[in-house]
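Enquirer: Handing you a structure now.
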Amino acid sequence: MSGILVYTKSHCPYCKAAKALLEARGATFREIEISHDVVLRREMIARSGRHTVPQVFIGDRHVGGFDDLSELDREGGLAPLLAALGTASA
């Protein structure tokens, strides 16, 4: 899989924060809203091994939830991943 994929629920503040962080870094991403879709929720759990949202995937890498994404950004690891995918503006 290429690109960025974010599994979310509509009223989740952590989902909104994760999307805002990605947008602030100039990243484009695909959002999969799972609030009312059991099949998509099961897909997310199977892929991530986690039951909470958001779940962020960058390329083939499962980053995790908002806390994981935020920590990756603070440690300087997010920018190289985004640059490698060509999804962030220069």
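Enquirer: Ranked from highest to lowest mean number of other Cβ atoms within 10 Å per residue, what is the order of the peptides 10-23, 31-44, 50-63?
Expert: Top of the packing list down: 50-63, 10-23, 31-44.
Enquirer: Go ahead and collect, in residue order, the members of region 58-77 whose backbone nitrogen is under 17 Å from a label point 7 Å along the Cα-Cβ direction of residue 9.
Expert: 65-67
Enquirer: Relative to the first principal axis of the alpha-carbon coordinates of the chain, what is the inclination of helix 13-24, with its axis defined by its Cα atoms, in degrees from 0 to 90 and to the nearest 10?
Expert: That works out to roughly 30 degrees.
Enquirer: Another question about this same structure. Determine the sum of side-chain charges near residue 17: Lys and Arg each +1, Asp and Glu each -1, restricted to other residues whose C-beta is under 11 angstrom from that of residue 17.
Expert: The answer is 0.
Enquirer: Averaging sequence separations of C-alpha pairs under 8 Å and six or more residues apart, then dividing by the length of the chain, give the relative contact order as a whole percent.
Expert: 36
Enquirer: Oh, and also: Of all the C-alpha pairs in region 24-90, what % are more than 14 Å from each other?
Expert: Taking all Cα-Cα pairs of region 24-90, the fraction more than 14 Å apart is 61 percent.
Enquirer: Separate question: To the nearest 10 degrees, how steeply does helix 38-48 sit against the main Cα axis of the chain, on a 0 to 90 scale?
Expert: Roughly 50 degrees between the two axes.
Enquirer: Whose amide H sits under 5 Å from the amide H of residue 63, counting only residues 5 or more places off or on another chain, with H placed in the peptide plane?
Expert: It is 56, 57, 58, by chain and number.
Enquirer: If you don't mind, there's one more thing I want to ask. Apply 1/(1 + (r/R0)^6) to the Cβ-Cβ distance of residue 50 and residue 75, taking R0 = 30 Å, and write down the FRET efficiency to the nearest 0.05.
Expert: 0.90
Enquirer: Calculate for the chain the 222 nm mean residue ellipticity that helices alone would give, adding -39,500 (n - 2.57) per DSSP H run of length 4 or more and normalising by residue count, nearest 500 deg cm²/dmol.
Expert: -13000 deg cm²/dmol
Enquirer: For every other residue with a beta carbon closer than 14 angstrom to the beta carbon of residue 49, add +1 if it is Lys or Arg and -1 if Asp or Glu, then tell me the sum.
Expert: Once positives and negatives cancel, what remains is +3.
Enquirer: Which FRET efficiency value, to the nearest 0.05, do you get for residue 42 and residue 67 by plugging their Cβ-Cβ distance into 1/(1 + (r/R0)^6) with R0 = 22 Å?
Expert: Once rounded, the FRET efficiency stands at 0.45.
Here, each number is a calculation from the coordinates, and none is a lab measurement. Computed from a prediction, not measured in an experiment: that's the story for all the values here. We place every Cβ from the backbone using ideal geometry, glycine too, and count neighbours over all the protein chains shown.
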